[in-house]
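This structure is in structure tokens; I'll ask about it shortly.
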Amino acid sequence: MATGVLRCGVCGSSRLTPAGQLRTYESQTNRLRLKFPRPRAYKLRPTFDVDFARACLDCGALLPFLSDVDLRLLNEAADGLTGYDT
């Protein structure tokens, strides 16, 4: 049963920072991206920008999140995605 409390995926702590913008040191426009293999030749790789993150105040793990727009796009593409581990 869900408790409604966001927890760290590494240590289970509920001591997380508020969501902050996730950018690289070099530039505000450089972002992390979640990329999947091409579904077939001549087709673009499904790519989703990771815009936000929370940090665990106990273990220091960083928990990245997609924006609302990228989450919607990921849900629309989810059935056709393939992973690197298959």
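What do you reckon, is residue 73 of a type in the set (A, V, I, L, M), surrounded by 14 or more Cβ atoms within 10 Å (Cβ to Cβ) and more than 11 Å from the chain's Cα centre (by Cα)?
Working: of a type in the set (A, V, I, L, M): yes; surrounded by 14 or more Cβ atoms within 10 Å (Cβ to Cβ): yes; more than 11 Å from the chain's Cα centre (by Cα): yes.
Here the answer is yes, as residue 73 does meet what is asked.
Which condition breaks for residue 63 when tested against (1) closer than 30 Å to residue 80 by Cβ; (2) in a loop (DSSP other than H, G, I, E, B)?
Only one criterion in (1) closer than 30 Å to residue 80 by Cβ; (2) in a loop (DSSP other than H, G, I, E, B) is unmet by residue 63, namely (2).
Name the single residue, out of those in segment 33-51 being surrounded by 15 or more Cβ atoms within 10 Å (Cβ to Cβ) and within 24 Å of residue 12 (Cα to Cα), that is nearest to the chain's Cα centre (by Cα).
Among residues in segment 33-51 that are surrounded by 15 or more Cβ atoms within 10 Å (Cβ to Cβ) and within 24 Å of residue 12 (Cα to Cα), the one nearest to the chain's Cα centre (by Cα) is 50.
Let me ask you something else. Just to check your reading of the model, which residue among 45, 38, 33 is free of Cβ contacts under 8 Å to residues at least 24 places away in the same chain and in a strand (DSSP E or B)? Step through it out loud before you land on a result.
Values: 45 fails: in a strand (DSSP E or B); 38 fails: in a strand (DSSP E or B).
Result of the check over 45, 38, 33: 33.
Which of (1) part of a loop (DSSP other than H, G, I, E, B); (2) under 30 Å from residue 79 (Cβ atoms) is the odd one out, the single condition residue 51 does not satisfy?
Condition (1) is where residue 51 drops out.
Every read-out reported here was derived from the displayed coordinates using simple, explicitly stated rules and does not represent laboratory data. Bear in mind the structure is a predicted one, so any value in this text is a computation, not a measurement. Note that each Cβ is placed from the backbone with ideal geometry, even for glycine, and that neighbours are counted across all protein chains shown.
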